[in-house]
Amino acid sequence: MQARARQTRDRLLKSALREFSAKGYHGAKVDSIAARAKANKQRIYAYFGNKEKLFASVLRHSFSEIIAEEKHLAELGEQDIPHLAEIILRHYMVFHRKHPHFWRLLAWENLEGGSHTAVLRGLKDESFEHLRSLYMQGQEQGDFKKDVSFESFIFVLTSVCFFYFANQRTMSKTLDLDLSDEAVQERIISEALALLSTTAKG
């Protein structure tokens, strides 16, 4: 693909990310995506095939952003095992703050039936495999409870992060707590880790 065509495709992808994350698959308009990208609508069909394939590309692209930022997790070693839960929780908190479109996109995909999730299969295998290995070592040496699977461990940690940002406005009101405040976020992280009691020791 020539440089100019690649630039147009990238603009369309970024425009589609904004449109889909704001309105969901069914609410998004191809015309709006093209207009925001300052491109001919036909370019969408040329580069992506159709609206559904464009959405799938956006979903996969969003996960590729996570994977790109997970590279430092692959560098974690045995010395990091006792702090693994905190490292992961902080990582995803930072990611959601930097990429607010991500939780919106996931929320829409789940609300609309998850029909495009097949494109995500296997994307996280490599990063999860490394974290699973560290977690299992931690179980053997008593840092994590042996009756809690890695899948549940990672599910709970990522759920805290997703819920924090996806429900920030409503929970700020119901809790009478400004969840956009970094000091409050730090408190939630510390107390969530204490509440979850991820370690087997103590």
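No value in this document is a laboratory result; all are computed from the given coordinates. Treat the numbers as computed from the prediction; the structure is a model and nothing was measured. Neighbour counts are summed over all protein chains in view; Cβ atoms, including those assigned to glycine, are modelled from backbone coordinates with ideal geometry.
Amide H of LEU76: which non-local residues (sequence gap of 5 or more, or other chain) have their own amide H closer than 5 Å, using H built in the peptide plane? For LEU76, no residues qualify. Taking a straight line from the alpha carbon of LYS98, these lysines sit under 28 Å away, with near neighbours fewer than eight places off in the same chain left out: LYS14, LYS23, LYS29, LYS38, LYS51, LYS53, LYS71, LYS124, LYS173.
Relative to the current alpha-carbon distance between VAL148 and LYS98, full extension at 0.36 nm per residue lengthens the span by 15.0 nm.
Compared with the direct C-alpha span, the chain from ASN167 to LEU195 gains 8.1 nm at full extension, assuming 0.36 nm per residue. Ordering VAL58, VAL156 by the number of other Cβ atoms within 10 Å of each residue's own Cβ, fewest first, gives VAL156, VAL58. Treating r as the C-beta distance of SER115 and SER64 and R0 as 25 Å, the FRET efficiency rounds to 0.80. As a proxy for reagent exposure, ranking SER62, SER172 by other Cβ atoms within 10 Å from fewest up yields SER172, SER62. Calculated over the chain, the projected area of the Cα convex hull averaged across directions stands at 13.5 nm². Over the chain, dividing the summed -39,500 (n - 2.57) contributions of all DSSP H runs of at least 4 residues by the number of residues returns a 222 nm mean residue ellipticity of -23000 deg cm²/dmol. With neighbours defined as other Cβ atoms within 10 Å of a residue's Cβ, the residues ASP143, ASP31 order from fewest to most as ASP31, ASP143. Evaluated with a Cβ-only charge set (Lys, Arg +1; Asp, Glu -1), the chain carries a dipole of roughly 1560 debye about its Cα centre, given to the nearest 20. Between ASP181 and LYS124, the contour length at 0.36 nm per residue exceeds the Cα-Cα span by 17.5 nm.
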